[in-house]
1. Working out 0.36 nm times the residue gap between Asp315 and Glu119, then minus their Cα-Cα distance, what length gain in nm do you get to one decimal?
2. Throw me the Rg/Rh for segment 296-341, computed over C-alpha atoms with Kirkwood Rh, two decimals.
3. Among the lysines, select those whose C-alpha is under 22 Å from the C-alpha of Lys425, and discard any that sit fewer than 8 residues away in the same chain.
4. Excluding residues fewer than 8 places away in the same chain, name every one of the lysines whose C-alpha is closer than 25 Å to that of Lys89.
5. With both partners inside the chain, how many of the DSSP beta bridges are antiparallel, as a percent to the nearest 5?
6. If each of Gln102 and Phe473 carries a label point 7 Å out from its Cα toward its Cβ, how far apart are those two points in nm?
7. Stretch Gln191-Thr222 to full length: gain in nm at 0.36 nm per residue minus the Cα-Cα span?
8. Could you work out the relative contact order of the chain? I mean the mean sequence separation of Cα pairs under 8 Å and 6+ apart, divided by the number of residues, in percent.
Amino acid sequence: MPLLLGIDLGTSSVKAVLFDPDTSQTLAVAGEEYPIHKPQPDRAEQYPSEWAAATDNVIAQVIAQSGRDDIAGIGFSGQMHGVSLYSPKRGFVRPSIIWADQRMAHEVDEIVALVGADEHARICGTLPAAGFTAPTLLWLKKHQPQVLEGDVTLLFPKDAVRLHLGGEICTDYSDAAGSGMYNVSAKTWAQPIIDGAGFPQAIFPRVHESSAQVGETRAVGTLKAGVPLYAGSADQPAQAVANGLIAPGLASVSVGSGGQVCVPVVRAADGTLATDRRLHVFNHAVPETYYVLGAILSAGLSLRWLRDLLGMRSDTNAYPTLSQEAAAVPTGAEGLIFLPYLTGERTPHMDARARGAFIGLTPAHTRGHLARAIMEGVCFAMRQSLEIALSLGGQAESVIGAGGAMDSDLWRQIMTDILGLPLQKPLLSEQAGVGAALIAGVGAGIYSSFADAKARVTRYSAPSLPDAARHAFYNERYAQFVSLYPTLKEDMHRLSS
């Protein structure tokens, strides 16, 4: 059987994953970095030409590594929210503005005011934040209106790479949903917001299912011409596909630099889709399915902050040392609670002025106590996001744990005990790239459905099980954690100003 190729266009690098459907194994992986350009401190831009060159290189590398070029289809996964403006006559008319850009803070409020916060969240499944597509386009309309004129079309980052390989000018439902101006229920561009903002209607691309074929490759290096290209998805639903989160019944918690909670949901029996302003509800790569996304900003970053604060940055054993010392500390860090709001917080507070804190410090507390309190505080914050996500119609009989922190036995067990649910790790690595390959596999008919792909590919570790006594203790401590932000909010705001 021919292979599948997944292209995952991240914020700092692109990866190519060559996947063998016969063995359900990854044959080759290659990655290449590219810069984030910052012409001013609040800006974050990238060049589609640099994405394209890096993509060509990693494709050539995985073909060379595997010694095979029999590819049945190529799928795509990519960073969300970015704005790339393409003209068939002129190419990309300016550098792409990516999600990390913060220049459009004022435009966020203007976009929300067009229909009101509640109506915006109902239509779009989310309220926009700085870096989202809608406020970025409004900033461009004000300051660089010429780039929206003529024959330009809005593309998201992974769409620009697919176009480079020979694909059509289009996007998919999941990336459109992340724009903050897409009607996630009707699966159409949100006309009241587009009209209210005065955006040119012609810039909005056609939208397809993630597994739809949208062109075929031209010959690029060792990549043959005529390989089918599939629309692909945003990175979060691609990861969800690889992790088996394709229908209600599972949830995932991913703890990397930030933390994400992902819960698949479907419409209610009456056809309605529940939303919550504290979360994002976006279209999944799986047809007629949605996913609830909760995000905390400083998950692994909190432990990295402690590592650096303690002067351990150059110590290659810093994290194992902190974990070992934290494991020696009793559950609850002997009366110490950490609020992981070092850079503000998204879910559930949506408060850029929230601030981190240790509560309960005494002279008896050591760096092991600080490390354990950070792990517990991050897990409390993830539980808070998960509970809200599940309230929107989700279910979780068990949880999939992903991200670098879940490789730590201690951190994984703390998460299990705090959530009170079995927690399993996915056995596949490079989930976004594998998910992109599986999306192509569904489109190419190698898998009859996403359920078939999950049954044949997705595997998990043996579950970590919660300890009943520790879970009962953490329930009490969690109630304290939840009460602290409302108590300290005004003080945080005064101090942040």
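Bear in mind these aren't lab numbers, they're just calculated from the coordinates by the rules spelled out. Everything quoted here is computed from the prediction, not taken from an experiment. Backbone-built Cβ (ideal geometry, glycine too); neighbour counts: all protein chains shown.
1. The span from Asp315 to Glu119 would gain 65.6 nm if fully extended.
2. Dividing the radius of gyration by the Kirkwood radius yields 0.98.
3. Hits, sequence-local ones excluded: Lys15, Lys454.
4. Once the sequence-local lysines are set aside, what remains near Lys89 is Lys141, Lys142, Lys158.
5. 70 percent
6. That separation, rounded to one decimal, is 3.8 nm.
7. Full-extension gain reported as 6.9 nm.
8. Dividing the mean separation by the residue count of the chain yields 16 percent.
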